[in-house]
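Quick notes on the structure that follows.
The values are calculated or read from the model by the stated rules, or taken from the named source; none is laboratory data. Quantities reported herein were computed from a predicted structural model and do not represent experimental measurements. Virtual Cβ from ideal backbone geometry, glycine too; neighbours counted across all protein chains shown.
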Amino acid sequence: MNDNTAYNKGIIGENKALNYLNGLGMQHLQSRYKTRYGEIDLIMQQGDTIVFVEVKYRKKGLEGDGLYAVTKQKQNKFSLAAQQYIQENNLQCFVRIDVIEIIGDKINHIQNAF
């Protein structure tokens, strides 16, 4: 397997995002939560809020390039996956969906993205 695969790029981006979020004091709950609707890259906890995180990583490009990849269809599937996690874990808490775009070493964190 080539080190330059999309999977490996995704892992690099998720690790950068995880380090960034840990630096904000968030607690890591799970990575790469898979459902029939798709995958949630990171699930974090910030106080009494569960934060579902979509990570978009690009080695280079323009700010916003990764955000355009989070289409309305992707948002709907992501929301369904988050609902499944909440139901499976019988959670009654605040929730938030964030998108983290990483271009090179620059991090753009959008809270309550959708």
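General remarks:
- Residue within the stretch 56-65 that is under 25 Å from residue 106 (Cβ atoms), loosely packed, with under 12 Cβ neighbours inside 10 Å, of a type in the set (Asp, Glu) and touching a Lys or Arg at 6+ places or on another chain (Cβ under 9 Å) present: yes
- Selection from the stretch 1-49 of residues that are touching a Phe, Trp or Tyr at 6+ places or on another chain (Cβ under 7 Å) and in a strand (DSSP E or B): 33, 38, 39, 40, 43, 49
- Hey, residue 16 over 22 Å from residue 91 (Cα atoms), at pLDDT below 95, among the charged types (D, E, K, R) and surrounded by 12 or more Cβ atoms within 10 Å (Cβ to Cβ) or not: no
- Number of the condition not met by residue 81 [criteria: (1) within 18 Å of residue 11 (Cβ to Cβ); (2) in contact with a Gly (Cβ under 6 Å, 6 or more places away or on another chain); (3) hydrophobic (A, V, I, L, M, F, W, C)]: (1)
- Condition met for residue 96 (among the charged types (D, E, K, R) and either surrounded by 13 or more Cβ atoms within 10 Å (Cβ to Cβ) or touching a Leu at 6+ places or on another chain (Cβ under 8 Å) (or both)): yes
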